[in-house]
Amino acid sequence: MQFKVGERVVHPAHGIGQIVKIEEKRLFGGEARLYYEVATQKNTIWVPIEAGKTVGLRPLMTRDDLARFRGILKSRPTALNKDHRLRHLEVMERLKQGSLQVVCEVVRDLTARTWQKPLNEADTISLRKAHEQLCHEWAAAKDVSTDQASEEIAALLLETRRNHETE
């Protein structure tokens, strides 16, 4: 997928950013390649255009996408691996994909796990990071504060708990 200058994008490791320009660069003595210059909240990154998809660079979700993601958050949670090491590896692998659908599923599933027992430290960190990413993108798509986005997401997860906890 080709992005245009000015377009808002999401990088799985760096979060929300904006394409500032497209330029040819020669990095690390290699051949000159075209790069997206992406300004994020904390820094500027350069993503090779031909590697954009494999890196996980994707468009920011739109208001129209919200209904689908609300549905994911409200759907039945998926049971996670009981072995904490394997569970952590599986969650991290899923989050590396950069897909917002996966982020929603991880937030839903780890939150549901807290309904039975407390999370271990690794799961707590994974949930916090995924929830933070989801809130930032949700807020950007709706043009609201991250606190408002967090409240809406919490309400959806509470509805999920009411609908699926006893099943």
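FYI, it's all coordinate maths here, none of it is from the lab. Being a predicted model, the structure only gives us computed values, none of them experimental. Glycine also receives a Cβ, built like all others from the backbone with ideal geometry; neighbour counts cover every protein chain displayed.
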Fill in: Relative pair counts by distance (%), Cα atoms of segment 1-44, 10 Å bins
29, 48, 24
Fill in: segment 8-59: relative contact order as a whole-number percent, Cα under 8 Å and 6+ apart
35 percent
Fill in: Relative contact order, percent, segment 1-146 [alpha-carbon distance under 8 Å, six or more residues apart]
20 percent
Worksheet item: Comparing Gly30, Gly56, Gly15, which has the greatest mean-square fluctuation in the GNM of the chain with Cα pairs linked when under 10 Å apart?
Response: Gly30
Fill in: Dmax and Rg, reported as Rg then Dmax, of segment 1-153 (C-alpha, Å)
17.0, 54
Worksheet item: Where does the chain land at 222 nm, in deg cm²/dmol rounded to the nearest 500, when only DSSP H runs of n ≥ 4 count, each adding -39500 (n - 2.57), divided by all residues?
Response: -15500 deg cm²/dmol
Discussion item. Only four residue types carry charge here, +1 at the Cβ of Lys and Arg and -1 at the Cβ of Asp and Glu. Report the dipole size of the chain about the Cα centre in Debye, rounded to the nearest 20.
Written reply: 200 debye
Worksheet, complete the sentence: Of the candidates Val47, Ala141, Gln116, the farthest towards the positive dipole end of the chain (Lys/Arg Cβ +1, Asp/Glu Cβ -1, centred on the Cα centre) is Gln116
Worksheet item: Each residue of segment 69-79 in order: what ³J(HN,Hα) in whole Hz does its phi give by Karplus 6.51 cos²θ - 1.76 cosθ + 1.60, θ = phi - 60°, with x for Gly and Pro?
Response: 6, 4, x, 5, 5, 8, 6, 4, x, 9, 5
Fill in: Dipole magnitude (debye, nearest 20) for segment 8-59, charges at Cβ of Lys, Arg, Asp, Glu
180 debye
Worksheet item: How do Thr111, Thr124, Thr78 line up, fewest other C-beta atoms within 10 Å first?
Response: Thr78, Thr124, Thr111
Response to the item:
Longest the chain segment clear of trypsin sites (Lys or Arg not before Pro) sitting in DSSP loops (not H, G, I, E or B) with at most 10 other Cβ atoms within 10 Å runs 83-167
Practice prompt. May I ask for the longest run of the chain untouched by chymotrypsin sites (Phe, Trp or Tyr not before Pro) that are loop-located per DSSP and have at most 16 neighbouring C-beta atoms (other than their own) within 10 Å?
Written response: 29-114
Discussion item. Modelling each spin label as a point 7 Å along the Cα-to-Cβ direction, I'd like the Met92/Glu132 distance in nm, to one decimal.
Written reply: 1.7 nm
